[in-house]
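For reference, the structure is listed below as structure tokens.
The values are calculated or read from the model by the stated rules, or taken from the named source; none is laboratory data. On a predicted model such as this, the values are computed, not experimentally measured, just so you know. For neighbour counting, all protein chains shown are included, and Cβ atoms are generated from backbone atoms with ideal geometry for every residue, glycine included. Just the protein is used for accessible areas: all its heavy atoms, side chains included, with ligands, DNA and RNA removed. Shrake-Rupley method; radii C 1.70, N 1.55, O 1.52, S 1.80 Å.
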Amino acid sequence: MSTKVIVSYDGTANEDDAVALGRLFAGAGAEVSLAYVRHASEPDSAREDIAQHEALQLLERGAELLGKPAAAKHVVTDRSTPEGLGVLAEREGVQVIVFCSDSHTAKGHIAVGNSAERLLEGGRTAIAIAPVDLAEGDTGIQRIVAVGDGEGGARQTAEALADALGAEVVPVADDEADLLVIDSRPEVEQGRVGISSSAAHLIEIATCPVLVTPRGVSLSFGRAAALTA
């Protein structure tokens, strides 16, 4: 079956970059939806209806940017954005949650925001993070790097993405890389996410999108997804 992806979207600074990364995964055959986490319900029904309508309108804008107006749109109410997204992902059978970089990040670079950071330590879904201004440039993927010990899911995921996108998997994470796929560290429980200090440093200096896979989990894209459907 196709990998399911949720883009975390609230229309604020850098969120269009997350949509651009979601569009990349959609191009690889993933089923992409958008989610907005509200942190509280309104005290009366009329105001609640207005707030819900405004949230859906925001997600409709995100879906237009995604190039898939009919994409599923989820409005979640939870005090915690990562917890709300985690519950949604489990309910919908989602394998990847996509985030933008922190709002104060330099152009072309990545900074892990609070919500992504929470899910990068013990979460059950792969986490993807877009660099700032990804939406403004060419999001074509030619060179994918798999980072890890070879026993996690990064290598297989990178190969599936390369096959789906007409790209190649290359051995070195340099300035020419277009996407980094990173394994969780070896001691992490199977199916959980957790990054090593070296992986965290690699993310800090990355200038391309990153995708961190749970330990022992590989994601299907393109023809690989079709074969397992």
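Below is a table of values for the structure above.
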read-out: Subset of the stretch 91-142 [over 19 Å from THR207 (Cα atoms) and surrounded by fewer than 18 Cβ atoms within 10 Å (Cβ to Cβ)]; value: ARG91, GLU92, GLY93, ASN114, GLU121, GLY122, ARG124
read-out: Residue in the stretch 67-88 that is farthest from ALA128 (Cα to Cα), counting only those that are part of a loop (DSSP other than H, G, I, E, B) and among the hydrophobic types (A, V, I, L, M, F, W, C); value: ALA70
read-out: Strands (runs of 3 or more DSSP E) (entirely within the stretch 96-196) containing at least 3 residues that are in contact with a Phe, Trp or Tyr (Cβ under 9 Å, 6 or more places away or on another chain) and closer than 15 Å to LEU219 by Cα; value: none
read-out: Given (1) within 25 Å of PRO131 (Cβ to Cβ); (2) in a helix (DSSP H, G or I); (3) basic (Lys, Arg), index of the condition ARG91 fails; value: (1)
read-out: Count - residues of the stretch 40-66 that are in contact (Cβ under 8 Å) with a residue 12 or more places away in the chain, out of contact with any helix residue (DSSP H, G or I) (no Cβ under 6 Å at 6 or more places or on another chain) and under 19 Å from CYS100 (Cα atoms); value: 6
read-out: Residue in the stretch 188-205 that is farthest from GLY140 (Cα to Cα), counting only those that are aliphatic (A, V, I, L, M) and open to solvent by 10 Å² or more (accessible area, probe 1.4 Å); value: VAL188
read-out: Selection from the stretch 67-90 of residues that are of a type outside the set (Gly, Ala, Ser) and either crowded, with 21+ Cβ neighbours inside 10 Å or under 20 Å from GLY123 (Cα atoms) (or both); value: HIS74, VAL76, THR77, ASP78, ARG79, THR81, PRO82, GLU83, LEU85, VAL87, LEU88, GLU90
read-out: Test: residue in the stretch 3-16 that is over 20 Å from SER115 (Cα atoms), open to solvent by 60 Å² or more (accessible area, probe 1.4 Å) and either part of a helix (DSSP H, G or I) or touching a residue at least 12 places away in the same chain (Cβ under 8 Å) (or both); value: no
read-out: Some residue of the stretch 39-55 being closer than 19 Å to ALA206 by Cα, surrounded by fewer than 16 Cβ atoms within 10 Å (Cβ to Cβ) and modelled with pLDDT under 95; value: no
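Listed here are the residues, each with its yes/no results for (1) under 23 Å from LEU34 (Cβ atoms); (2) touching a helix residue (DSSP H, G or I) at 6+ places or on another chain (Cβ under 8 Å); (3) acidic (Asp, Glu); (4) in contact (Cβ under 8 Å) with a residue 24 or more places away in the chain.
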residue: THR105; (1), (2), (3), (4): yes, no, no, yes
residue: ALA146; (1), (2), (3), (4): no, yes, no, yes
residue: ALA154; (1), (2), (3), (4): no, no, no, yes
residue: GLU176; (1), (2), (3), (4): no, no, yes, yes
residue: SER197; (1), (2), (3), (4): no, no, no, no
